[in-house]
Amino acid sequence: MKQTVFKYGTIGAVIMAALILVTFLFNSGKPNFEWGQVIGYATMIIALSTVYLGIKSYRDEHQAGIISFSKAFTVGILISLFACVVYVIVWLIYLQTDAGSQMMDQYIAYSLERMQERGMDAAEIEQKRQEYEAFSKMYENPLVRIGMTFMEIFPVGLIISLVSALLLKRR
């Protein structure tokens, strides 16, 4: 199982890192917050498609075509964890760059601007600004940053692992 997890985890991690780096390069210091979440989650799903491939490979090549849900899920979640760790590392590296270090301030400014455009009153916008500033301060803590970044991708990996295990289990 270790070999399969390492192989497909590495493939998923490389896809993840490559897609994130390409996105960073195209943004050239100005993140596109309009499409950022869509692109981010699409990247996660594409990279974590290796979970399905890894479970299938393990079932067909090491289990003689038979695999229980729990064994399939174990393989899937381990591949997901591998990719999740790489995702966190890539984000931590990006946030140390000049463009990455400005991202939180840019996001706050973008969000406040959108609130003004939608006609929120000044008191509500000020309250949100204070909440964002508090969050930004909290996000400076590396442990908080690591945990939050991990929790961006882990639920996607969990869902893909569950669905893949359900689809690929065979008795």
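So if I check each of 95, 81, which one is under 27 Å from residue 18 (Cβ atoms) and free of Cβ contacts under 8 Å to residues at least 60 places away in the same chain? Just one listed residue meets the conditions, 95.
Residue check: is residue 65 outside any helix (DSSP H, G or I), over 25 Å from the mean Cα position of the chain (by Cα) and in contact (Cβ under 8 Å) with a residue 40 or more places away in the chain? So residue 65 fits the description; yes. Being over 27 Å from residue 169 (Cβ atoms), at pLDDT 90 or above and out of contact with any Ser or Thr (no Cβ under 7 Å at 6 or more places or on another chain) is the requirement here; does residue 127 meet it? Yes; evaluated as a whole, the condition is true for this residue.
Hey, any hits in the range 128-143 for a residue that's within 17 Å of the chain's Cα centre (by Cα) and under 24 Å from residue 18 (Cβ atoms)? For the range 128-143, residues within 17 Å of the chain's Cα centre (by Cα) and under 24 Å from residue 18 (Cβ atoms): absent. When the criteria are applied in full, residue 73 meets the requirement of being in a helix (DSSP H, G or I), modelled with pLDDT of 85 or more, closer than 29 Å to residue 8 by Cβ and over 16 Å from the mean Cα position of the chain (by Cα).
Name the residues in the range 19-33 that are in contact (Cβ under 8 Å) with a residue 60 or more places away in the chain and part of a helix (DSSP H, G or I), would you?
20, 21, 24, 27
Set side by side, the residues 115, 16 differ, and just one is free of Cβ contacts under 8 Å to residues at least 40 places away in the same chain, surrounded by 14 or more Cβ atoms within 10 Å (Cβ to Cβ) and assigned to a helix (DSSP H, G or I), which is 115. Among the residues examined, residue 94 qualifies as touching a Gly at 6+ places or on another chain (Cβ under 6 Å) and part of a helix (DSSP H, G or I). Look at (1) farther than 16 Å from residue 33 by Cβ; (2) under 20 Å from the mean Cα position of the chain (by Cα); (3) not basic (Lys, Arg) and you find that residue 104 fails only one, number (1). Go through the residues of the range 48-59 one by one and say whether even a single one is in a helix (DSSP H, G or I) and either at pLDDT below 90 or out of contact with any helix residue (DSSP H, G or I) (no Cβ under 8 Å at 6 or more places or on another chain) (or both). No, the conditions are met nowhere in the range 48-59.
Selection of first residues in the range 46-59 that are touching a residue at least 60 places away in the same chain (Cβ under 8 Å) and under 15 Å from residue 1 (Cα atoms) and of second residues that are among the polar types (S, T, N, Q) and surrounded by 18 or more Cβ atoms within 10 Å (Cβ to Cβ), restricted to Cβ pairs under 7 Å at least 6 apart or on distinct chains, gives the following pairs, ordered by first then second residue: 51/80; 51/161; 51/164; 52/164; 55/164. Among the conditions (1) without any contact (Cβ under 8 Å) to a residue 12 or more places away in the chain; (2) touching a Gly at 6+ places or on another chain (Cβ under 6 Å), the only one that residue 36 does not satisfy is (2).
The values are calculated or read from the model by the stated rules, or taken from the named source; none is laboratory data. Worth saying up front: this structure is predicted, and the values here are computed from it rather than measured. Cβ: placed from backbone, ideal geometry, glycine included. Neighbour counts: every protein chain shown.
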